[in-house]
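Everything below concerns the one structure shown next.
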Amino acid sequence: MRYLLLLLCSTFLMHASESDSVPRRIPKLDLESLSPDSFMVESNIVNMSAGWFPRVGTFRSIELSGSDGLIFLDGMFHQYSNVPGSAFGLSGLLFSDRNTYSIDDRITLQPFSSEESEDVQIEQEYSTRYLRTRFSIPELGMLLRIGLGIRFVNSMLFAEDNSKSYLNLQNTLSPLHELHVISLDETELMNHLSIEIPFYGASLDLLGQQSYSTYSFFGGINLNYVLESNLTHQSIIIQGRNEIRYPSGSNVLTLQKRSFLREIERIRMSVESGLGWEFGFGPLHFGFEGYVLMPLNSILKNHEWNTIFIGIRSSFGISF
């Protein structure tokens, strides 16, 4: 009996040692398939996409958007702005956007006085206000944007005239420095078409409610039509205004006020590109964008005068 028990114990130990010597199979984990930058969750209740180039769900929104140039600048930069004075009925002058005098040098003074006038000072500026719709196209990973609005632009050119002299209080001739200012104040109907591609962020579709926060780049084209155009030409005495004035008694003389010059190109085209941040939560949508508008044609028909617009705009809207 003792020999039988010893035989059974030795057989059991032999099988135990054999099982321990066989390596166990460990399941493999593909770490490369796990990316911390992007992931996607889909179910009948929740759909989520996050990371690079997230997939935004289906939605449509109508938004009010506006821009007033840059924060500390007017946001207008002239290109090919050396315009001969003949374009405005003047000869011997060359107009450009370069101006060595500050706005204080152009302040209108009261007649025969050194006191400043209450007249509004003309400045270069622009602003836009328009409505747009945004349609998401999840199959293409982008959004289509269509807008219609109004743009207000006041473009300015300057030319110096140092060809004149005046008789000063010491009964001698002194140079008379005059600054000629052309101001073109226009109202344009603006049509906008562009595509928006989210390149980073997150999107969540929970029970049919779409929420997202994405960074996007966009590009498109604008077609503008000039509804109103008013040109103002002023001559300003810069040096010598304390000793000589125009017949009106002021240092500023308005030489021209004209509407719709024949030289004005009323149809304007430009391409647009930029970066933005868009946020949506349920039916609400809003965002901020930095953009650049590059002109495709000139303001004038017979002379090159282009303006580049750089600005920051905001938008707010609802789904429909």
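Report yes if L148 is touching a Lys or Arg at 6+ places or on another chain (Cβ under 9 Å), at pLDDT 95 or above, in a strand (DSSP E or B) and within 30 Å of W52 (Cβ to Cβ), otherwise no. Here the answer is no, as L148 does not meet what is asked. Checking each residue in segment 287-308 for being among the aromatic types (F, W, Y) and at pLDDT below 95 picks out only W305.
Given the structure, is S96 free of Cβ contacts under 8 Å to residues at least 12 places away in the same chain and closer than 21 Å to E263 by Cβ? For S96, the condition - free of Cβ contacts under 8 Å to residues at least 12 places away in the same chain and closer than 21 Å to E263 by Cβ - is not met.
So that you can scan it fast, the table gives a plain yes or no per residue for (1) out of contact with any strand residue (DSSP E or B) (no Cβ under 6 Å at 6 or more places or on another chain); (2) at positive phi; (3) among the acidic types (D, E):
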| residue | (1), (2), (3) |
| --- | --- |
| G92 | yes, yes, no |
| R98 | yes, no, no |
| D119 | yes, no, yes |
| E123 | yes, no, yes |
| R129 | no, no, no |
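Close contacts from segment 74-87, counting a first residue that is closer than 19 Å to N297 by Cβ and a second that is surrounded by 19 or more Cβ atoms within 10 Å (Cβ to Cβ) and among the aromatic types (F, W, Y), with Cβ to Cβ under 7 Å and a gap of 6+ residues or different chains, come to M76/Y126; M76/F309; Y80/W305; S81/W305; V83/F95; V83/W305. Yes or no: segment 26-47 includes at least one residue that is over 30 Å from R241 (Cα atoms), touching an Asp or Glu at 6+ places or on another chain (Cβ under 9 Å), surrounded by 15 or more Cβ atoms within 10 Å (Cβ to Cβ) and modelled with pLDDT of 50 or more. Scanning segment 26-47 turns up at least one residue that is over 30 Å from R241 (Cα atoms), touching an Asp or Glu at 6+ places or on another chain (Cβ under 9 Å), surrounded by 15 or more Cβ atoms within 10 Å (Cβ to Cβ) and modelled with pLDDT of 50 or more. Among the residues of segment 239-254, those identified as modelled with pLDDT of 90 or more and of a type in the set (A, V, I, L, M) are V252, L253. Here is the figure for segment 90-132: residues that are touching a Ser or Thr at 6+ places or on another chain (Cβ under 8 Å), among the β-branched types (V, I, T) and surrounded by fewer than 16 Cβ atoms within 10 Å (Cβ to Cβ) total 1. The set of residues in segment 278-306 that are aromatic (F, W, Y) and either assigned to a strand (DSSP E or B) or over 17 Å from M76 (Cβ atoms) (or both) comprises F279, F281, F286, F288, Y291. Apart from one condition, H78 fits all of (1) of a type outside the set (V, I, T); (2) in a strand (DSSP E or B); (3) at pLDDT below 75; the exception is (3).
The values are calculated or read from the model by the stated rules, or taken from the named source; none is laboratory data. Worth saying up front: this structure is predicted, and the values here are computed from it rather than measured. Neighbour counts run over all protein chains shown; Cβ positions are idealised from the backbone, glycine included.
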